[in-house]
1. State all residues of region 166-206 that are touching a strand residue (DSSP E or B) at 6+ places or on another chain (Cβ under 8 Å) and over 17 Å from residue 125 (Cα atoms); if no residue qualifies, say none.
2. Go through (1) more than 28 Å from the chain's Cα centre (by Cα); (2) loosely packed, with under 12 Cβ neighbours inside 10 Å; (3) assigned to a helix (DSSP H, G or I) for residue 585 and report which single condition fails.
3. I'd like the full set of residues that are surrounded by 20 or more Cβ atoms within 10 Å (Cβ to Cβ) and either free of Cβ contacts under 8 Å to residues at least 40 places away in the same chain or more than 22 Å from residue 502 (Cβ to Cβ) (or both), limited to region 453-466.
4. Cβ contacts < 6 Å: first residue touching a residue at least 60 places away in the same chain (Cβ under 8 Å), restricted to region 488-517; second residue among the acidic types (Asp, Glu), any location; separation 6+ or different chain. Result?
5. Filtering region 224-267 down to residues that are surrounded by 13 or more Cβ atoms within 10 Å (Cβ to Cβ) and among the hydroxyl-bearing types (Ser, Thr, Tyr), which residue is nearest to residue 295 (Cα to Cα)?
6. Out of region 304-354, which residues are farther than 19 Å from residue 606 by Cβ, surrounded by 16 or more Cβ atoms within 10 Å (Cβ to Cβ) and of a type outside the set (A, V, I, L, M, F, W, C)?
7. Could you list, in sequence order, all residues of region 32-54 that are outside any loop (DSSP other than H, G, I, E, B), of a type outside the set (Lys, Arg) and under 15 Å from residue 267 (Cα atoms)?
8. Quick one: how many residues across region 311-330 are closer than 17 Å to residue 589 by Cα and in contact with a strand residue (DSSP E or B) (Cβ under 9 Å, 6 or more places away or on another chain)?
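The values are calculated or read from the model by the stated rules, or taken from the named source; none is laboratory data. None of these values were measured; they are calculated from a predicted model. Cβ placement follows ideal geometry from the backbone for every residue including glycine, while neighbour counts extend to all protein chains displayed.
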Amino acid sequence: MHEKVTGVGVVCPKSLAEPIMKYFLDSESIEIVPVSSVVGVNLKSPQENPYEEFLNLVHSLYEEVGKTPHPKVEKVNLPVVFDEEEFRSFATELKERLDEIDSDMEELRRKIEELSEGIEALEVLRGLDVSVSELRNTRWIRIRVGKVPLEYAQRLQKSFEGEDVLLLPGRVKGGERAMVVIHPKDVKVEGALKNAAFRELKLPDLEESVEDALFELKDERKSLEVKLQELHLEKKEIFYKNRRKIYSYYDTVYVLKAVHDAMKSTGMSKEFVFISGWMTEKGLDGLKKLAEDLEGVVVFEEIDIPSQKPTLLRNNRFFKHFEFLVKMYGIPRSDEIDPTPIVAVLFLFFYGLMFGDVGHGAVIAAIAWYLFKKRSSDLWFIMTFAGLSSVFFGLLYGSIFGFETIPPLFERPLENINDFLMLSIYIGAALIVFGMILNIYNRFARKELKEVVFDANGFAGMGLYLTAISAAFLYASGRSVPLELVLYPILAFTGMIFVGIVIFEEGTLGERIILAFFETFDRLLAFFSNTLSFIRLGAFAMNHAGLFLAFYTMAKMSKSAFGSFMSLLLGNLLLIFLEGLVVFIQAVRLEFYEFFSKFYSGDGREFKPLRYEGGAER
């Protein structure tokens, strides 16, 4: 159902603009429309937000310690005295101290990286009884230590075949092979190393033996890692010592920034602020109470706003999830009925009718409920109750996992084909007439009286359809129907539709007559095709039973118990997931094309209230 939304204008002194805008943000009750489009006068509005700089500054403090802010907007009461210089001094000083620590931490990370590279190089040479300086300062040869991607190791070896180059392969770790390359200094190896993606490790500048140097570097790295952790804790210590003040500043700046962002759509004179927009009834009541407490605030109700009135849907917790299906087609206009409750009931009815099975429905309901709890998706909520609907109709059909082992509370589809097909036609005819009644209601509410009378989905079309479908049902039941009782009303109602198009459409008389002929003929075909389309309700109910029968026959033909079991298992899985999806699509299709087309435009615009961005807590 719709919540009433009305055009509202507010005029207040500049000193009261902030608490008024905060009320709008807190209540999420207004969609602001620029004042210039309402009054036709260009009033100045602020273009820059003075609090954006301050908010960014506080954000940077949170980022320094890796925290995510969650502003508590209810703690901020506007108007508030905000000392910009005091805040800037506090935040800047804190930021500079944290930046200094960051710089020290970055230097430590650089040193740790250098030590790690040296350790890697020495790990490759571990076991050599020489000093590191001797390895670095050889006179005639060059010793390179590095790593090669495993897939390039053989390529590197082949590239040095026949050369005065010695390769000593080492351990494999992380997809790389350690490698020592020893070659005369006058032999060029850089090209081959580059082609093999050789990553050279720098040997540390130490005098000790390889083993002693390795211990020394590891101890030094551990020492630096401890210092790095101490600096990280120091950052957190600084933040938590000032936490209460940071939180308080952040809440205030967050609210003020949001308020002044919203004020960019207002108009301002030297002393007053002008606000206009679409507002909910509940929000308007709260605004009027606030205006009584704030002297100088004037509220104008039901003002004329030159933009499409937005739609705000307010359904209960159950039907709220089915707005997902309605919005797939389009948002209802503010002056047409909200079809959400009808869609919910019809979708569940269609789904269960076409996919009635206790076992299959229970599986779908269980899986969908689990996914809904994990993801809170409207789709999985809908499928949970679609599965339960299947369980209900499964009891009516006496079917559980395809086996007709329980007595049906109604009828079995394959044993009563004609009954199910006729039931589908009855349901389709009733829904088409119901759709026309809803269309008449919508048109009447919008005072579109000519459409109420002459439209193909108005009284003329409903009279034509009821006459034709009643005659068809009587004929199908074997009763005789006098021709004049059918022909004359059909001609009369068809003539009303034809004349309505000729009179009310635009164009020359000849164009309107041709248009009326084709439009009327198209509507007659649509009535026929829409009605027959509902046969799929009974057809899919029989198809579900028929498909299982096919898998059951395959299982009986199998020569082994395992083969029979697998045939039945795969058959049931196919029915649950593949046919379950197809039936979902068909249920939606019947609502959208056969039912919605009679009364629903879906070209409305959703109400988009002014609200805080991100993670504000209220």
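1. 175, 184, 185, 189, 193, 196, 197
2. The number of the failed condition is (1).
3. Passing the criteria: 458, 462.
4. Between residues of region 488-517 that are touching a residue at least 60 places away in the same chain (Cβ under 8 Å) and residues that are among the acidic types (Asp, Glu), there is no close pair.
5. Here the answer is 266.
6. The answer is 351, 352.
7. At the first step, the residues of region 32-54 found to be outside any loop (DSSP other than H, G, I, E, B) are 32, 35-39, 44, 52-54.
Still in the running and of a type outside the set (Lys, Arg): 32, 35-39, 52-54.
Scanning region 32-54 gives 32, 35, 36, 37, 38, 39.
8. Start the filter on region 311-330 by keeping residues that are closer than 17 Å to residue 589 by Cα, which leaves 322-330.
From what is left, the residues that are in contact with a strand residue (DSSP E or B) (Cβ under 9 Å, 6 or more places away or on another chain) are 323, 326-327, 330.
So the count comes out to 4.
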